[in-house]
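> Provided herewith is a single structure, encoded as structure tokens, for subsequent inquiry.
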Amino acid sequence: MFESVILILVGVLISGVGYLIKRFIEKKPESEVLEKHKKLLEINKQMTEQRVSIEDLRLLEAALTGKAEAIASYSKIIESNATPLLEAKGDEPVTQAEMNMVASDNLDAAKDRMTSVLGELLAYLDGEERAAFVESQRAWENYCLEQAEASAISHRGGSIYPLIFFSELELLTVDRAARLQVELDQLRRLRGESPNSTLQATPVNGRA
């Protein structure tokens, strides 16, 4: 008799816990939906206050997506003209010193590209805009040196250190050149001019 009562109580307890778990699971999606609706209402309120329409957001999304795609495209153009690190000049295997030299040359080529685009871009700016852009370029250069050093620091003192350091700088410089070109394209379009990409027109390392 006693054992039967215990089994009944255990059954009731399990049923109760199961019900609570079921309610918790059912309630979680509901709370998530409410939170989502709350955020949507907040976004709608901000859009109304800023007089931003759904079409404005679509245009912004398209512009940002297009900019990212353009940067990626220009980066590929520069990278495709860089000399492969393991490109042999004969039957002899490529040495570490040779790879370091190639990495340095590729960095110089990327810098030339960036400098060329930067010069054209600055020609469209004056006053505070030009000064602000020059300052941002200086800050970017400082960041690049610190980032390259951070990437190569574990190899400091080794023969591979220059390769890691120059390669990281090249990667950052290629990205910067591509971004500057996109900015230049946008300025030209605003003035009704053709983009006429500097990156597409100028060969690197003797390659078209």
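No lab work stands behind these numbers, since they all come straight from the coordinates. Only a predicted model underlies this, so the values are computations on that prediction, with no experimental measurement involved. We place every Cβ from the backbone using ideal geometry, glycine too, and count neighbours over all the protein chains shown.
> Can you put 117, 182 in order of Cβ neighbours within 10 angstrom, beginning with the fewest?
Exposure proxy ranking, most exposed first: 182, 117.
> If r is the Cβ-Cβ distance from residue 49 to residue 191 and R0 is 25 Å, what FRET efficiency results, to the nearest 0.05?
Working from the Cβ atoms, E equals 0.15.
> Select from region 102-181 those trypsin sites (Lys or Arg not before Pro) which occupy a DSSP coil region and have at most 13 other Cβ atoms within 10 Å, ordered by residue number.
Taking region 102-181 and a limit of 13 other Cβ atoms within 10 Å, the loop trypsin sites (Lys or Arg not before Pro) found are 156.
> Shifting gears a bit: What does the extension gain come out to for residue 129 and residue 80, with contour length at 0.36 nm per residue minus their alpha carbon separation?
Going from the current span to full extension adds 14.4 nm.
> Below 13 angstrom from the Cβ of residue 153, what's the summed charge of the other residues (Lys, Arg +1; Asp, Glu -1)?
Charge balance near residue 153 sits at -2.
> According to a simple spin-label model (label point 7 Å from Cα along Cα-to-Cβ), what is the distance in nm between residue 108 and residue 156?
If labels sit at residue 156 and residue 108, their model points lie 2.6 nm apart.
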